[in-house]
1. Quick one: grab the alpha carbon gyration tensor of region 1-74, order the square roots of its eigenvalues as a ≥ b ≥ c, and give me rounded if a/c is under 1.5, else prolate or oblate depending on whether a/b is larger than b/c.
2. Local charge sum around T116 (other residues, Cβ-Cβ under 13 Å, Lys/Arg +1, Asp/Glu -1)?
3. How much area per residue is accessible in region 1-86 when the probe is 1.4 Å and only protein heavy atoms are counted (Å²)?
4. Roughly how far apart, in whole Å, are the Cα centres of region 76-110 and region 1-69?
5. Accessible area of region 26-109 with a 1.4 Å probe: how many percent of it is carbon plus sulfur?
Amino acid sequence: MSVAQNPLSIKVTLPREDAALLTIEGDLDIDTATELQHHVANQLHHGRRHFLLDVSSVPFMDSSGMNIILRVYQEVRQISGGVYVISPTPAVRRILDLTGVSLTVQTVESTEEALTALDDPQNDNGPAEPERNGPARSEQPGDSPSE
């Protein structure tokens, strides 16, 4: 029988009625991701639509952990919710960046920053879009019908 090198611990707090803060400690991998999935499912069942995932104490995450984050994101988008990854360690940030998850799920540095983002009506829970120069499509002569 193998013993987990860095067992997972998840603490759930409710900073507001519709949001759950999950403070995760330990490796988030194939052996532990199901536990996170169960916590998320329980909070969804209780009406939470915003998930703040504090991964500042997660030294390692594999594709199983990443997939849970993406599934949560997909589920809460259907109910106008959001997912925020808070203060990822360098190893976790690298995985999120290399896989493109950080292009979909917003990463913030603190719980306060995540809560502020929840209240921002302009926020669609994705990372900030790069500014585009000029109009999306330039008007060409003859584009509009002549009168």
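1. On the way: a/c = 2.03, a/b = 1.75, b/c = 1.16.
Since a/c reaches 1.5 and a/b is larger than b/c, the shape of region 1-74 is classed as prolate.
2. Values: positive: R16; negative: E109, E112, E113, D119, D120.
Result for the neighbourhood of T116: -4.
3. Numbers: 4460 Å² over 86 residues.
Value returned for region 1-86: 52 Å² of accessible area per residue.
4. Each part's Cα centre sits 13 Å from the other's.
5. Working: 1980 of 3990 Å².
Of all accessible area on region 26-109, carbon and sulfur atoms account for 50 percent.
The values are calculated or read from the model by the stated rules, or taken from the named source; none is laboratory data. Predicted model only: the values in this text are computed from it and were never measured. Every residue, glycine among them, receives a Cβ derived from its backbone with ideal geometry; neighbour counts consider all protein chains shown. Just so you know, the surface numbers come from the protein's heavy atoms only, side chains and all, with ligands and any DNA or RNA stripped out. Shrake-Rupley method; radii C 1.70, N 1.55, O 1.52, S 1.80 Å.
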